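A.B. asks: Just passing along the structure, written as structure tokens.
None of the figures in this text is laboratory data; all of them are computed from the coordinates on show. None of these values were measured; they are calculated from a predicted model. Quick reminder, even Gly has a Cβ in these numbers, built from the backbone with ideal geometry, and neighbours come from all protein chains shown.
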Amino acid sequence: MSTPNIEDLQKISSQVRRDIVRMVHAVQSGHPGGSLGCTEFFVALYFHILKHNNSFNPDAVDEDLFFLSNGHISPVWYSVLARSGYFPVSELNTFRKLDSRLQGHPATEEGLPGIRIASGSLGQGLSAALGAAQAKKLNNDSSTVYVLMGDGEQDEGQVWEAALYGAHHKVDNIIATIDYNRQQIDGSTDDVMDLGDLKAKWEAFGWQVIESDGNEIEGLIKSLEHAKTLCGKGKPVLNLMRTEMGYGVDFMVGTHKWHGIAPSDEELANALGQLEETHGDY
Amino acid sequence: MTKLTYTEKKDTRSGFGAGLHELGKTNENVVALCADLTGSLKMGDFKNDFPDRFFQVGIAEANMMGLAAGMTIGGKIPFTGTFANFSTGRVYDQIRQSIAYSEKNVKICASHAGLTLGEDGATHQILEDLGMMKMLPNMVVINPCDYNQTKAATIAIADHHGPVYLRFGRPKWPIFTPENQKFEIGKAIQLVEGSDVSIFATGHMVWMAIEAEAILADKGINAEIINIHTIKPLDEEAILTSVKKTGCAVSAEEHQMNGGLGDSIAQTLSRNLPTPLEMVAVDDSFGESGKPEELLGKYGLSSQSIADAALRAIARK
């Protein structure tokens, strides 16, 4: 794999964060906190890690696949898809508006390039990703399937059904990532539903677990490249990725309060003042 | 028209198993998933002959629906197998989001539907599945009537691109449709031509309607019997053509009255040609343990119940 240009990726991340707060502000709805916290992850994936083609083949033959299970952080995905050429950047202006392809939660019905399955109702993405990984094996397609879940989403029972399945069937062409920001809508994950030792839980379910820092892009890329080397060894891979919800905007960082609310005009100006416009606003 | 009789009984789930095995031989993209009920769903032949395309998922139906949705990416045609209750109510949100809304080419194959499951009782006797499935946009809903038709339907749905709910059952039931009859999704089949009342039946109740026709014939009444094997899309043309001739109708299904085939027919009639309609279905109650025939009798789904409903419909003309 080529050496990443970290400075370029950081510049893209800054622009993506501007897109996120502007999109959510424009319609006064959406989920900025998790989107900001996962910006480096999406930028690392789409601008360095994934073997993908922005002309968008729904069946993804000989391409890596990405699934977003926690669909509420759609703003970061839409921004990164647009910035990597899946659809015009100007379309970000339609987010959550009538007749848009950019639905509040990702969907296939409107035909937005880059989306292969709807998500929003939590707990379902890992199952779909495992199914796609099984299909790749049947098709002798050696590419990799990636999926992102939230940590609050680990409350859902289906996640653990899927975890059992992945180990039992030795689905070793999948890298699942948990956005481990320890926040969910009603408060911290410790207070709402204590997840205990997530690393030990996933290891006990038979997965190879790595830990990473999701807001430090150079280290994150190294972690994801390491995760790739663990594929093909008979066990699925789980990346427990620590992030800060709201990372990049000082008054949003580290709190569940910005999980699902939009900034006011003044707050938007404050946030944009902290984020350099590097690739031109949409 | 030849009088409909039968010489053999077989379970419709075995028709599914035979159809799936046939598909295994003819379509390499067909894969099967099962939630720990391989024997009950008659998926053993497929599993034995195509082990690389059979996926045991354990007792985890939610995960099974998600896996199936994911497998379609890359061109596979997944057939999921479990009981009808666990194929629908237990996993409604997974089907809604990951399959129906996502327009995934998944075939949800559901056995042990309705009262005729018998002794296991109401926990397993789902009577709401047709309603739940027909409400979902993009979903095709099929309830074949006997072994031959279930086998044919199983084979036919592989060629339909999109989500399908295929419902069948546990008991041995008369086989009265021709072997290798082509199955056309959404195309109702007239079994008996008549002029006094139209009886629209689905699934196991088609045979009960045929028995009712004999009861009515003894009273000098000519009932038309139409097999509505596809609840959605509904063959409105066949329904309207028949009631234009007969002037009244009866629906018969092994399902709740709310949300079932009768509901769909009532919508069609009230929008196009208001016509007296009597519904033979379970009237807002759960089932219970018992033999299939006993249950059909107690809950008003016997052939006599259908004949009585036909007389009421005729009286309302």
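A.B. asks: Just to confirm a number: summing +1 for Lys and Arg and -1 for Asp and Glu over residues other than A:Ile115 whose beta-carbon lies under 14 angstrom from that of A:Ile115, what do you get?
C.D. replies: Summing Lys and Arg as +1 and Asp and Glu as -1 gives -2.
A.B. asks: Using a Förster distance of 45 Å, how high is the FRET efficiency between B:Asp159 and B:Lys317, based on the Cβ-Cβ distance and rounded to 0.05?
C.D. replies: That pair, B:Asp159 with B:Lys317, gives E of 0.65.
A.B. asks: If you add up the charges near A:Cys231, with Lys and Arg at +1 and Asp and Glu at -1, over every other residue whose beta carbon is less than 12 angstrom from its beta carbon, what do you get? Write down the numbers at each step before the final one.
C.D. replies: Working: positive: A:Lys136, A:Lys137, A:Lys170, A:Lys228, A:Lys233, A:Lys235; negative: A:Asp64, A:Asp172, A:Glu225.
Net of charged neighbours comes to +3.
A.B. asks: Highest mean first, what order results for A:190-196, A:112-118, B:156-162, B:238-244 on Cβ atoms within 10 Å?
C.D. replies: Averaged packing, sorted descending, gives the order A:112-118, B:238-244, B:156-162, A:190-196.
A.B. asks: To continue, here is another question. Give A:Lys222/B:Lys76; A:Lys170/B:Lys107; B:Lys134/B:Lys244; A:Lys136/A:Lys201; B:Lys76/B:Lys291 a once-over and call out the pairs whose C-alpha atoms are over 31 Å from each other.
C.D. replies: Where the Cα-Cα span goes over 31 Å, the pairs concerned are A:Lys222/B:Lys76; B:Lys76/B:Lys291.
A.B. asks: According to the square roots a ≥ b ≥ c of the eigenvalues of the Cα gyration tensor, what is the shape class of the range B:164-317, taking rounded for a/c under 1.5, prolate for a/b larger than b/c otherwise, and oblate for the remainder?
C.D. replies: rounded
A.B. asks: Give me the one-decimal nm value for the distance between modelled label points at B:Glu288 and A:Lys97, 7 Å along each residue's Cα-to-Cβ direction.
C.D. replies: Here the answer is 6.1 nm between the modelled labels.
A.B. asks: What is the extension gain from A:Glu266 to A:Leu138, computed as 0.36 nm multiplied by their sequence separation minus the C-alpha to C-alpha distance, in nm to one decimal? Mind showing how you got there, number by number?
C.D. replies: On the way: separation 128, 0.36 × 128 = 46.08 nm, distance 5.33 nm.
Result: 40.8 nm gained on full extension.
A.B. asks: Same structure again: Quick check: residue separation of B:Asn272 and B:Lys298 times 0.36 nm, minus the Cα distance between them. What number comes out in nm? Working shown, then result.
C.D. replies: On the way: separation 26, 0.36 × 26 = 9.36 nm, distance 3.39 nm.
Extending this stretch completely gives an extra 6.0 nm.
A.B. asks: Compute the FRET efficiency between A:Asp62 and A:Asp155 as 1/(1 + (r/R0)^6), taking r as their Cβ-Cβ distance and R0 = 30 Å, and round to the nearest 0.05.
C.D. replies: 0.25
A.B. asks: In whole angstrom, how far apart do the alpha carbon centroids of the range B:57-87 and the range B:151-198 sit?
C.D. replies: 23 Å
A.B. asks: Something else: Mind checking the dipole of the protein assembly as shown: about its Cα centre, +1 per Lys or Arg Cβ, -1 per Asp or Glu Cβ, Debye to the nearest 20?
C.D. replies: Using Cβ point charges on Lys, Arg, Asp and Glu, the protein assembly as shown gives about 1480 debye.
A.B. asks: Using a Cα-Cα cut-off of under 26 Å, which lysines could be cross-linked to B:Lys298, ignoring same-chain neighbours fewer than 8 residues away?
C.D. replies: Hits, sequence-local ones excluded: B:Lys9, B:Lys10, B:Lys172, B:Lys219.
A.B. asks: Can you tell which of A:Val159, A:Met193, A:Leu230 lies farthest toward the positive end of the dipole of the range A:94-243, using +1 and -1 charges on the Cβ of basic and acidic side chains (Lys, Arg; Asp, Glu)?
C.D. replies: Comparing the listed Cα positions along the dipole, A:Leu230 ranks first.
A.B. asks: Apply the a/c threshold of 1.5 to the C-alpha gyration tensor of the range B:82-166 and tell me whether it is rounded, prolate or oblate.
C.D. replies: Oblate is the answer for the range B:82-166, as a/c is 1.5 or above yet b/c matches or exceeds a/b.
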